[in-house]
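S.K.: Pasting a structure below so you can have a look.
The values are calculated or read from the model by the stated rules, or taken from the named source; none is laboratory data. Quantities reported herein were computed from a predicted structural model and do not represent experimental measurements. Please note: Cβ atoms are built from the backbone with ideal geometry, for glycine as well, and neighbour counts cover all protein chains shown. Side chains are part of the model used for accessible areas, which takes the heavy atoms of the whole protein and leaves out ligands, DNA and RNA. Shrake-Rupley method; radii C 1.70, N 1.55, O 1.52, S 1.80 Å.
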Amino acid sequence: MDPVLIDFPEKIETERLYFRPCLHGEGILVHEAIAASRASLSKWLPFAKNEQTVDEVEAGIRQSYAEFIKRSDFRMHIFLKDGDVFVGSIGLHRINWDVKKFEIGYWCDIRHSKKGYITEAVEQLTQFTFSHLQANRIEIRCDSENTSSRNIPERLGYTLEGILRKDSLATDGQTLRDTCVFAKVKE
């Protein structure tokens, strides 16, 4: 089946949250969240390293929506059910439809961190990806020193399959970093 034909719900819900494809017009929300979180995000995520304009963030959102429609990448925004407050982003990336392999990525607005929102969203997206998209493998990759990010797959029963030593550059563009590879596979 051509992945473009796969139906995707308008939103995925948890007890406290919902997440859905990013939509045009949300550049201002995301820009504000990145600005508020820059100190914590920029150490781990290249997009947060350099300050972007609202228009640049908006353009990225629109490009992400096009990829979502093509089913080549699923970037979604996470909101609190109570008040529709933006709390972060989650997505399925590096998709291999032949193998049915997906990588979950995520980040949280620092103003909403340490409340379990990202863990809750990752748990639901993991279940959804296995059941709805028939995944055989789901990975979560993160810097070995990013304990906040590492805690999420560990809490959710992902297996640490290995640490890729000196496999990529840190956001400073010079320092080599190690990457943890966590995975869950279809039983």
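S.K.: Out of Glu139, Glu123, Glu154, report the one residue that is open to solvent by less than 20 Å² (accessible area, probe 1.4 Å), of a type in the set (D, E, K, R) and not in a loop (DSSP other than H, G, I, E, B).
M.R.: Criteria check complete, one pass: Glu139.
Let's see how each residue does on (1) open to solvent by less than 20 Å² (accessible area, probe 1.4 Å); (2) assigned to a helix (DSSP H, G or I):
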{"site": "Ile34", "(1), (2)": "yes, yes"}
{"site": "Arg38", "(1), (2)": "no, yes"}
{"site": "Trp44", "(1), (2)": "no, no"}
{"site": "Glu58", "(1), (2)": "no, yes"}
{"site": "Ser64", "(1), (2)": "yes, yes"}
{"site": "Ser72", "(1), (2)": "no, no"}
{"site": "Phe79", "(1), (2)": "yes, no"}
{"site": "Asp84", "(1), (2)": "no, no"}
{"site": "Gly91", "(1), (2)": "yes, no"}
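S.K.: Are any residues in segment 36-77 within 19 Å of Ile12 (Cα to Cα) and polar (S, T, N, Q), and if so, which ones?
M.R.: Hits for segment 36-77 are Ser64, Ser72.
S.K.: Conditions first: (1) farther than 28 Å from Asp7 by Cβ; (2) under 16 Å from the mean Cα position of the chain (by Cα). Tyr106 passes all but one, so which condition is the exception?
M.R.: Against the list (1) farther than 28 Å from Asp7 by Cβ; (2) under 16 Å from the mean Cα position of the chain (by Cα), Tyr106 comes up short only on (1).
S.K.: Just one of the numbered conditions (1) out of contact with any Ser or Thr (no Cβ under 8 Å at 6 or more places or on another chain); (2) more than 29 Å from Ala135 (Cα to Cα); (3) open to solvent by less than 50 Å² (accessible area, probe 1.4 Å); (4) not acidic (Asp, Glu) is not true of Asn50; which one?
M.R.: Of (1) out of contact with any Ser or Thr (no Cβ under 8 Å at 6 or more places or on another chain); (2) more than 29 Å from Ala135 (Cα to Cα); (3) open to solvent by less than 50 Å² (accessible area, probe 1.4 Å); (4) not acidic (Asp, Glu), only one is false for Asn50: (3).
S.K.: So which residues in segment 93-111 are without any contact (Cβ under 8 Å) to a residue 60 or more places away in the chain and open to solvent by less than 30 Å² (accessible area, probe 1.4 Å)?
M.R.: Passing the criteria: Phe102, Glu103, Ile104, Gly105.
S.K.: Can you find a residue that is open to solvent by less than 20 Å² (accessible area, probe 1.4 Å) and among the small types (Gly, Ala, Ser) anywhere in segment 128-136?
M.R.: For segment 128-136, residues open to solvent by less than 20 Å² (accessible area, probe 1.4 Å) and among the small types (Gly, Ala, Ser): present.
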